[in-house]
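S.K.: To start, I am sharing the structure in question, which I have written as C-alpha cells.
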Amino acid sequence: MTHQDLLSVVREYESPLYVYDASKIEAQYKRLSTAFKGVKQLRIHYAVKALSNITVLKFLNKLGAGLDTVSIQEVRLGLEAGVAPQHIIYTPNGVSLEEIEKAAQLGVQINIDNLSILEQFGTRYPDTPVCIRINPHVMAGGNTNISVGHIDSKFGISIHQLPHIERIVKNTKMNINGIHMHTGSDILDIDVFLYASEILFETAKHFDNLEFIDFGSGFKVPYKAGDIETNVEELGKKLSKRFNEFCKEYGKELTLAFEPGKFLVSEAGTFLAQVNVVKQTTSTVFAQIDSGFNHFIRPMLYGSQHEIENISNPKGRERFYSVVGYICETDTFANNRRISEIREGDILAFSNAGAYCFTMASNYNSRYRPAEVLWYEGKGHLIRKRETFDDIIKNQVVIDL
Ligand SMILES: *Cc1c(COP(=O)(O)O)cnc(C)c1O
C-alpha cells in the first residue's frame, strides 16, 4: 500500500485505525506453502489469536488455511467465517473439561496439553480423535547451542511423561491422531528447530494411529532493519526432507501441520494515528497521538520496536521524537526515534501492526477500540466499525442508590 492509499483510508474511516493489506497476507501464505511444497500433505492452521477479525479468517480460509484456536470463542469465530470444523484445531491451555467437550461437539480437532484432562476426556470419549501437545524442552539458546527449555513451562505435556501418556492411552483405548509442539520461542536457528522436531518424530513412533504431526509456530518476522527473520525456505527444504523420510519409516503418509500467526499477518498490518500535540520539554520533543497502549500495547508490553513513519510529511527534515499516547499513564511507543518533521494533525503509520495488536486492544480510559479496514483488490473495506459510547455502557448495570 502507498502512503496515498493509507491517507485515503484514514481520511474516510478516521483515526486511530488498523489497516491490513490482503495481498501481503496472501504473499506470506504462499511463501510458507511454497517452502514446504516437497511435502505431500501440508496444512497451515492460522493462529486466530494474532488477528481474529472474521473477514481476515475468511480470507485466509479462501487461500487454503485452516485455523488454530485457543478458546471456544475463537472456534465459534472460525465457524462464523465458514471454516469447516475439521480444519480447525483447538489448542487450549488450562481450560475446563466442559469447554473441551463443547469444542469436541462442534466437531473440531481437540489438542490436549495436560495429563489430567487427557485421562478424563479419554475415559468419556474414547472414540473422539485427540492430538497431544508435547513439551520437548528445547529452546533456542543463542546462535548455535541447544539448551533445554525450562522444565516448569505451563504448556504441553513433558516429553519425560511419555510413559504416563502411553498408560492413559492404553487404559482408555483412546484414539491419538496427532502429535503437536509449540514452544512459543522464535525459530532463529533452524538446527535447533530440527532438533526439537526429532524429539517429536521419536514421540510419534509410540502411537500407531497418527494422521498428522503439528510443529506449531515460531516463525519470526523482521520488525526493524537488521532483525533476524526465520529462513522459511531453508527450514522448508530441510524439514520436508526429514518429514518424508519419517513417513516412510512410520509406514504412512502423514500431514505436516503448522500454526503461524505473526508470520501471516504481522507485516500486513499498519496502525494509523493522528498527532494531537507536539510538545517540547527541556529534554525531548514529544509527538502525542490520538491513541495509547489501550489500542496498541506491544511496545509497552514487550518492548517491541515498530517502525514509525510520518506519512503526511515523508520528505520532511528528520528530527528526533518521543512518540507517546494520550492516555493517563506512561504509554511510550518510541524514544529518540528519527522521524521526518512532525506537525500537529499529521498521520503517523506504525508498521508490523497486524499481529497481537487489535486483539490486545482494550477500553482503558473509556476510549473506543479502533476500526479495522482490509485493503483488498485496490480498495479499503471497513471490516470492523469503531466502537461507540453504547459499547462502553451496554453491559453496565446501573442500580438504584
Ligand atoms: C500463539 C500460538 C501460535 C502462533 O504463534 P505466532 O508466534 O504468532 O506464530 C501457534 N500455536 C499456538 C498453540 C499458539 O498458542
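S.K.: Just one of the numbered conditions (1) under 27 Å from the mean Cα position of the chain (by Cα); (2) outside any loop (DSSP other than H, G, I, E, B); (3) of a type outside the set (S, T, N, Q) is not true of Tyr368; which one?
M.R.: (2)
S.K.: So is Thr330 at pLDDT below 95, surrounded by fewer than 12 Cβ atoms within 10 Å (Cβ to Cβ) and among the hydroxyl-bearing types (Ser, Thr, Tyr) or not?
M.R.: Working: at pLDDT below 95: yes; surrounded by fewer than 12 Cβ atoms within 10 Å (Cβ to Cβ): yes; among the hydroxyl-bearing types (Ser, Thr, Tyr): yes.
Answer is yes for this residue.
S.K.: Under the condition of being among the aromatic types (Phe, Trp, Tyr) and away from the ligand (no atom under 16 Å from the Cβ), which residue from the range 213-252 is surrounded by the most Cβ atoms within 10 Å (Cβ to Cβ)?
M.R.: By that ranking, first place goes to Phe243.
S.K.: Can you say whether Lys248 is assigned to a helix (DSSP H, G or I) and in the same structural domain as Arg133 (by TED's automatic domain parsing), as far as the supplied structure shows?
M.R.: Yes.
S.K.: Scan the range 214-234 and report the pairs whose first residue is in the same structural domain as Thr91 (by TED's automatic domain parsing) and assigned to a helix (DSSP H, G or I) and whose second residue is among the charged types (D, E, K, R) and more than 9 Å from the ligand (Cβ to nearest atom), with Cβ atoms within less than 7 Å and a gap of 6+ or a chain change.
M.R.: Every condition considered, the pairs that remain are Val232/Arg31.
S.K.: From the set of residues in the range 98-141 that are assigned to a helix (DSSP H, G or I) and acidic (Asp, Glu), which is nearest to the ligand (Cβ to nearest atom)?
M.R.: Among residues in the range 98-141 that are assigned to a helix (DSSP H, G or I) and acidic (Asp, Glu), the one nearest to the ligand (Cβ to nearest atom) is Glu99.
S.K.: Take Asp208 and decide whether it is surrounded by fewer than 20 Cβ atoms within 10 Å (Cβ to Cβ), without any contact (Cβ under 8 Å) to a residue 24 or more places away in the chain, assigned to a loop (DSSP other than H, G, I, E, B) and more than 23 Å from the chain's Cα centre (by Cα). Write out each step before concluding.
M.R.: Values: surrounded by fewer than 20 Cβ atoms within 10 Å (Cβ to Cβ): yes; without any contact (Cβ under 8 Å) to a residue 24 or more places away in the chain: yes; assigned to a loop (DSSP other than H, G, I, E, B): yes; more than 23 Å from the chain's Cα centre (by Cα): yes.
The answer is yes for Asp208.
S.K.: Another question, if that's okay. Could you tell me whether the range 32-54 includes any residue that is of a type in the set (Val, Ile, Thr), surrounded by fewer than 18 Cβ atoms within 10 Å (Cβ to Cβ) and under 25 Å from Ser291 (Cβ atoms)?
M.R.: Yes, the range 32-54 has at least one match.
S.K.: Can you name the condition, by its number, that Glu267 falls short on among (1) touching a Phe, Trp or Tyr at 6+ places or on another chain (Cβ under 7 Å); (2) within 16 Å of the ligand (Cβ to nearest atom); (3) modelled with pLDDT of 95 or more?
M.R.: It fails just one condition, (1).
S.K.: Still on this structure, I have one more. Inspect all residues belonging to the range 279-296 and state whether any of them is under 20 Å from Leu17 (Cα atoms), among the aliphatic types (A, V, I, L, M) and touching a residue at least 12 places away in the same chain (Cβ under 8 Å).
M.R.: Yes: the range 279-296 contains one or more residues that are under 20 Å from Leu17 (Cα atoms), among the aliphatic types (A, V, I, L, M) and touching a residue at least 12 places away in the same chain (Cβ under 8 Å).
S.K.: Shifting gears a bit: So Val95 passes all but one of these: (1) assigned to a loop (DSSP other than H, G, I, E, B); (2) within 13 Å of the ligand (Cβ to nearest atom); (3) surrounded by 19 or more Cβ atoms within 10 Å (Cβ to Cβ); (4) touching a residue at least 24 places away in the same chain (Cβ under 8 Å). Which condition number does it fail?
M.R.: Here Val95 meets the rest and fails (3).
S.K.: Then there's this: Of everything in the range 15-31, what is surrounded by 24 or more Cβ atoms within 10 Å (Cβ to Cβ) and of a type in the set (D, E, K, R)? Give them in sequence order.
M.R.: Correct list: empty.
S.K.: Within the range 260-278, is there a residue that is free of Cβ contacts under 8 Å to residues at least 24 places away in the same chain and part of a loop (DSSP other than H, G, I, E, B)?
M.R.: No, the conditions are met nowhere in the range 260-278.
S.K.: Additional query: Could you count how many residues in the range 61-75 are farther than 21 Å from Glu99 by Cα and away from the ligand (no atom under 13 Å from the Cβ)?
M.R.: As a first pass, look at the range 61-75 and keep what is farther than 21 Å from Glu99 by Cα: 61-65.
Applying the additional criterion that residues be away from the ligand (no atom under 13 Å from the Cβ) yields 61-64.
So the answer is 4.
S.K.: Something else about it: Which residues, counting only those in the range 158-184, are within 16 Å of the ligand (Cβ to nearest atom), modelled with pLDDT under 95 and touching a helix residue (DSSP H, G or I) at 6+ places or on another chain (Cβ under 9 Å)?
M.R.: Met181, Thr183
S.K.: So which residues in the range 298-324 are over 20 Å from Asp227 (Cβ atoms) and in a loop (DSSP other than H, G, I, E, B), if there are any at all?
M.R.: Hits for the range 298-324 are Ile311, Ser312, Asn313, Pro314, Lys315, Gly316, Arg317.
S.K.: Any idea which of Ile342, Ile399 is surrounded by 21 or more Cβ atoms within 10 Å (Cβ to Cβ) and assigned to a loop (DSSP other than H, G, I, E, B)?
M.R.: On the way: Ile399 fails: surrounded by 21 or more Cβ atoms within 10 Å (Cβ to Cβ).
Only one candidate qualifies: Ile342.
A quick yes/no check of all residues on (1) modelled with pLDDT under 95; (2) over 23 Å from Leu77 (Cβ atoms); (3) outside the structural domain of Met181 (by TED's automatic domain parsing); (4) aliphatic (A, V, I, L, M):
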site: Ile89; (1), (2), (3), (4): no, no, no, yes
site: Ser96; (1), (2), (3), (4): no, no, no, no
site: Lys102; (1), (2), (3), (4): no, no, no, no
site: Leu106; (1), (2), (3), (4): no, no, no, yes
site: Leu115; (1), (2), (3), (4): no, yes, no, yes
site: Gly122; (1), (2), (3), (4): no, yes, no, no
site: Tyr125; (1), (2), (3), (4): no, yes, no, no
site: Arg133; (1), (2), (3), (4): no, no, no, no
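S.K.: Cβ contacts < 6 Å: first residue within 21 Å of Glu229 (Cα to Cα), restricted to the range 31-59; second residue more than 15 Å from the ligand (Cβ to nearest atom), any location; separation 6+ or different chain. Result?
M.R.: What qualifies is Ala35/Glu233; Ala35/Gly236; Phe36/Leu42; Phe36/Gly236; Phe36/Ser240.
The values are calculated or read from the model by the stated rules, or taken from the named source; none is laboratory data. Since this is a predicted model, take the numbers as computed values, not measurements. No Cβ is skipped: glycine too gets one built from the backbone with ideal geometry, and neighbour counts run over all protein chains shown.
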